[in-house]
Every structure is written in structure tokens, then in C-alpha cells.
There are 2 protein chains.
Amino acid sequence: MTSAAQLTQAQDRFIAVWGQMAGAWGVSRTMAEVHALLYITGEPLCTDDVMERLQISRGNASMSLRALLDWAIIERAHKRGDRKEYFHAEQDVWTLFRAIVRQRITREVDPLLASLYEIRDMTAIDRKRARSDNEDLRERIDIHNQRLESMLEFFQTLEQLAAMFISPAGKGLQAAATLLSKSPREEAAP
Amino acid sequence: MTSAAQLTQAQDRFIAVWGQMAGAWGVSRTMAEVHALLYITGEPLCTDDVMERLQISRGNASMSLRALLDWAIIERAHKRGDRKEYFHAEQDVWTLFRAIVRQRITREVDPLLASLYEIRDMTAIDRKRARSDNEDLRERIDIHNQRLESMLEFFQTLEQLAAMFISPAGKGLQAAATLLSKSPREEAAP
DNA sequence: AGAATCTTTCAATCCTTTCTGAAACTACCC
DNA sequence: GGGTAGTTTCAGAAAGGATTGAAAGATTCT
């Protein structure tokens, strides 16, 4: 077996593994595979390259590439004297994950927070209305409001942290994280 | 409309919203809804309560409750003089999310890291085999190895950070996070 | 031991998401 | 303008997950 074949095999394995992770970061398997392919080869590929290597239809390849563009984790590229569009993946892992976090905050946390605010408004007035002969109801309202408030607080914090990570200042966090994790047991060294 | 009805409505809305988030943290919609119900009411409920309130089958309720137990975000409870099992949700949001992070690290990141190590082993020897008349192949192998290494490093860091968050020491991180996010612009106050 | 009560399992069904492939569309060239 | 190369769209097909419900399995009580 040539090394070339072995390389292809390793790439395929990486693509498969990345594809399985797809669910974990909220995209379809194919989309993750396309990204894996572009990332691991490191070179710009066109739609046909992707179709052939992953054995998927043109429509699927086109949709996945467009979705990846939307997520801003791949970008268009062109070769001189070639009309085709090529695509190449963001090569820095931290930049990649910053983009993913940015997307997921916008798509998931922001709407969630909006809904939580709405729900808070729904019961903000309830407590007053609960007549004093109904202690039980009053207590349930209090519990509800308190749970809702905790949840809101948590996601606000989460969003703030994410904002820090995403912003240019995020590089600082990134550096700190790397440092922290590299010497987790050496803090007390002389 | 009574406040009681309004409370129920607000709870239903919360349950629905939480259910939509299900995908985001890797569980089924129903499982998220069951958790939302237990969390927002704050009181222990039995299987039949859940079935009735969410209009789901016994099997589904049973499975979802068991899964939530596996995730360690709800626990069994019993009422004296009642044979039924009741369930109540972890009430502290930070503890809840620590449990979720713990699960997802074990289920997703650990296996991923294991696979990445395997893949690294697959090509660790390749470079030597690439004959010197094949510069192109050699370069592709180098790129591959470098990408793989970056990915590995990133997930190692991620796992370390998660470990800190999860551990008892995580409370420190939590406090820091809350502080950070509460006064992101007041750092320089006297 | 048997009855009563509650829980779990799993094959069949339903539903949602993803994928395909061919047609429509766009941009460029002669 | 007509032809060609490349890209996007979308209705229908397929795959993958989630849900049901009824039967089997536990557990506790008398």
C-alpha cells in the first residue's frame, strides 16, 4: 500500500469522525463532512471535487457548501483561468470555533432569551392577582418566577461570556485557556 | 382568566421553548420537555402526571425519565404512603449545566479524541515512505498532520477547561463568570 | 402464594429531516 | 443572440429518529 492511499484513508477516517460529531454542533452530517474534507486537505476544492470524494449529489453538495458559507467557516476562492468556484476552509481552529459559537449564539441563545423575557412578562402580574385565600397558588407562582429568573440570569451570563470569546479580545481568553490547560498542575511550582 | 390558568400557560410556553432547544443540547424534544416540566414546577411529579400534562404515552414518559436520570439532571423521590416513584429536577441552574457538560464531554469529546489519536497513528509513519521524487505527496502529508495536530490540541484544551468547570473547583469559575458578565464595563471603577 | 400496582421493553408506526436528480437559472463567451 | 459552463432550487424519495401501546417484568402488600 502506498502512502498516498494511506493518506486518503486517514482523511476518510477524519471525515467520518467529523461527520459523527455533526449532531453535536448542530449541522447535518453531510455539511460536517464537506467541512472536514476542506479542512483536512487544506486546499481549495470545487463542487465536483466534493461530490466525487464524498459520493453525494450535486444538490446536496451545493446546499452544504452554501450553508457552510452562511456559517462563515469556509470561503469562496477562484483559480485564474478557471470559471469554477472553489472553496477553502478556515484553517485556524480557534477562528473556526469562534465562528461556530457566534452562529449558535445567534441562532439558539438569542431567540431563547427573547422567549424567556416574554414568558417573564406573562406572569409578572400574576402574583398580585392570587387572592390571599390561595397560599398554594401564590407559592407556585413564586417558584415559577424564581426558576425563570435563574434561567434568564444563566443565559445572560452565557451570552456575555460568548461575546467576550467571539470579540477581538477573545484572543486573550484563548491564550489564557491554552496556558491554563497546558499546566493544570503546576500552579504551585516554586 | 384566573392566575392559575395564566401560570399554566406560562409553564406550557416555557416547556415548549425548552423543547425547541432540545436539539441544541443533544436530547430528544420530549426529554427536554419532561425536564422543563419538572424544573419549572419545582415539585416532584410521577409518570402519570408527566403523561397527562405533556400528553405523551407511558412508554415515552418512562424512557424520557430514565434518560434524564442517566444524565443525572433529575432524581427519584418518594412520598410516604405512596408506592409510585416521583421525580424532581435539579434546581440549581449551574449544577444542571455542569451535569450536561459532563455528559456531553463523555459522550462526544472523549470518543472524538480517541479517534483523533488513532488517526494520528495512521499517518505518523507515512512521511518517511513518501519517496523524495514525490514532493507533492510529502507536502500533503505534512498539511494533514498539522491540521490533525491543531484539532487534537484544541480538543485537549477544551476537555481540560471543561474538567475545571465540572470539578468542585468549578464553583470558582462560575463565580468568576458571573462577576465578569455582570460588570463587563465597570472593571476600572475605583 | 396471589393480587394489585407500577415500570420497562420493543416491534410497528409515524414524523421529521436529509438527499437526490432533473429542471431552472445565471453569467460568460463567441 | 445563441451556446456553453457552472450553480441553485425544489418536489418527491429515502433514511433515520421518535413515539405509541400493549405485553412482559418488577415490586410490594395481604
Query raised in the report: Can we say B:R120 is under 19 Å from A:T41 (Cα atoms), at the interface with another protein chain (Cβ under 7 Å from one of its Cβ atoms), open to solvent by 60 Å² or more (accessible area, probe 1.4 Å) and at pLDDT 90 or above?
Result: no
Report summary line: Checking B:G23, B:G19, B:G81 in turn, the sole residue that is surrounded by fewer than 18 Cβ atoms within 10 Å (Cβ to Cβ) and under 26 Å from B:T106 (Cβ atoms) turns out to be B:G23
Requested in this report: Specify which of the listed residues (A:A188, A:A175) is at pLDDT below 90 and either within 7 Å of chain B (Cβ to nearest Cβ) or under 25 Å from the mean Cα position of the chain (by Cα) (or both).
Outcome: A:A175
**Report entry** Subset tally (residues that are in contact with a Phe, Trp or Tyr (Cβ under 8 Å, 6 or more places away or on another chain) and crowded, with 18+ Cβ neighbours inside 10 Å) for the range B:51-75
**Finding:** 3
Query raised in the report: For B:R140, are the conditions met, namely being of a type outside the set (G, A, S), modelled with pLDDT of 90 or more and farther than 28 Å from B:I166 by Cβ?
Result: yes
Report summary line: Taking the range A:72-83 and keeping residues in a loop (DSSP other than H, G, I, E, B) and either under 27 Å from B:E149 (Cα atoms) or of a type outside the set (D, E, K, R) (or both) leaves A:A72, A:I73, A:G81
Report task. State whether the residues of the range B:156-164 include one that is out of contact with any strand residue (DSSP E or B) (no Cβ under 8 Å at 6 or more places or on another chain), more than 8 Å from every other protein chain (Cβ to nearest Cβ) and surrounded by 18 or more Cβ atoms within 10 Å (Cβ to Cβ). Result -> yes
Report task. Considering each residue of the range A:68-107, count those that are at pLDDT 90 or above, away from every other protein chain (no Cβ under 14 Å) and more than 12 Å from A:H35 (Cα to Cα), and give that number. Result -> 8
Query - helices (runs of 4 or more DSSP H) wholly inside the range A:1-71 containing at least 2 residues that are more than 16 Å from DNA strand D (Cβ to nearest atom) - result: A:3-21, A:29-41
Query raised in the report: more than 8 Å from chain A (Cβ to nearest Cβ) and open to solvent by 10 Å² or more (accessible area, probe 1.4 Å): does that describe B:T41?
Result: no
Report task. Go through the range A:84-131 and count every residue that is away from DNA strand C (no atom under 16 Å from the Cβ) and either among the acidic types (D, E) or in a helix (DSSP H, G or I) (or both). Result -> 31
Query raised in the report: Inside the range B:3-19, can you point out the residues that are more than 8 Å from chain A (Cβ to nearest Cβ) and either farther than 18 Å from A:L148 by Cβ or within 16 Å of DNA strand C (Cβ to nearest atom) (or both)?
Result: B:A16, B:W18, B:G19
Query - Cross-chain or 6+ apart pairs with Cβ under 7 Å, the range A:56-67 first and farther than 16 Å from A:Y39 by Cα, then near DNA strand C (Cβ under 7 Å from one of its atoms) - result: A:I56/A:T30; A:N60/A:T30
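The values are calculated or read from the model by the stated rules, or taken from the named source; none is laboratory data. Here the structure is a predicted model, which means the values were calculated and not measured. All Cβ positions, even for glycine, are placed from backbone atoms using ideal geometry, and neighbour counts span all protein chains on display. Ligands, DNA and RNA are stripped out before the accessible areas are found, and what is left, the full protein with its side chains, is counted by its heavy atoms. Shrake-Rupley method; radii C 1.70, N 1.55, O 1.52, S 1.80 Å.
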